[in-house]
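The values are calculated or read from the model by the stated rules, or taken from the named source; none is laboratory data. Bear in mind the structure is a predicted one, so any value in this text is a computation, not a measurement. Reconstructed Cβ throughout: ideal geometry from the backbone, glycine too, with neighbour counts over all protein chains shown. Accessible surface areas use protein heavy atoms only, side chains included; no ligands, DNA or RNA. Shrake-Rupley method; radii C 1.70, N 1.55, O 1.52, S 1.80 Å.
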Amino acid sequence: MIIASGLAPAVRAQKIEFGGGFGGMNYKGDISPVFQPKFMKPGGHLFFRYNATKAVSGRFSLTGGRIYGSDIKSSDPFQQKRGVIFGTRIIEASADVQFNFLDFNYARRRPRNWSPYVFAGLGLFTFKPDQEKVEPYKTTGLAIPFGAGIKWQVKGPWSIGVEFGTRKTFTDYLDNYNAHGAGIPKNYQSDPTRKDMYYYSSISVSYTILKIACPD
């Protein structure tokens, strides 16, 4: 940030960072009870990060992509018999706080600057299944994003990062499937008490404005 004291100009390291990247989205729910890498679908993101200190950063992100699941590709014979397949588009806006484990301080002459980090925050997402709705339900909701990553300053203001994040949601309809009740065979019933989750794994590139001189 630009800080002036009296009549003397000041030069400070800039803390503003912009970036974007691409990766893959996954899902966990009734159609995929465990994380399945084979169901990964493409996604991408843009972000703005404010590096408050060497250890703590705040980030605002916009993320979009698809999730997918298929009973037919499951090893569970009950799921194979059920035969449900879905695809859903997701757009997410989120804010989170990142904590760096190592001394990470952007500078022009630190080519080996790197650090693993963890993050957690709050997001708002909207989703749209490819299939027709099974019943009326909300297609927007809150998510709790959290995860971990590693970032490297590769040259001057340029950095790259690798990250894996989980999104805890409060909906059971990401897969457009919520079958339960006395008239539904047991093997076809879903568990409404277990909410769906989605994941985003990504590679990103960012640019940090390192120094700005104040005018006289």
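The figures follow:
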read-out	value
Filtered residues of region 1-39 (kept if modelled with pLDDT under 95, among the small types (Gly, Ala, Ser) and assigned to a strand (DSSP E or B))	5, 8, 13
Evaluation of residue 86 against (1) closer than 25 Å to residue 38 by Cα; (2) aromatic (Phe, Trp, Tyr); (3) open to solvent by 30 Å² or more (accessible area, probe 1.4 Å) (one fails), failing number	(3)
In region 185-216, residue modelled with the lowest pLDDT [restricted to those that are among the basic types (Lys, Arg) and over 30 Å from residue 105 (Cα atoms)]	186
Residue 131 being over 21 Å from the mean Cα position of the chain (by Cα), touching a residue at least 12 places away in the same chain (Cβ under 8 Å) and outside any loop (DSSP other than H, G, I, E, B)	no
Count - residues of region 144-181 that are aliphatic (A, V, I, L, M), assigned to a loop (DSSP other than H, G, I, E, B) and either open to solvent by less than 10 Å² (accessible area, probe 1.4 Å) or within 20 Å of residue 121 (Cα to Cα) (or both)	1
Residue under evaluation residue 74, criteria (1) exposed (fewer than 14 other Cβ atoms within 10 Å of the Cβ); (2) of a type in the set (Ser, Thr, Tyr); (3) at pLDDT below 90, criterion not met	(1)
Single residue of region 62-72 satisfying the filter (assigned to a strand (DSSP E or B) and free of Cβ contacts under 8 Å to residues at least 60 places away in the same chain) that is nearest to residue 105 (Cα to Cα)	62
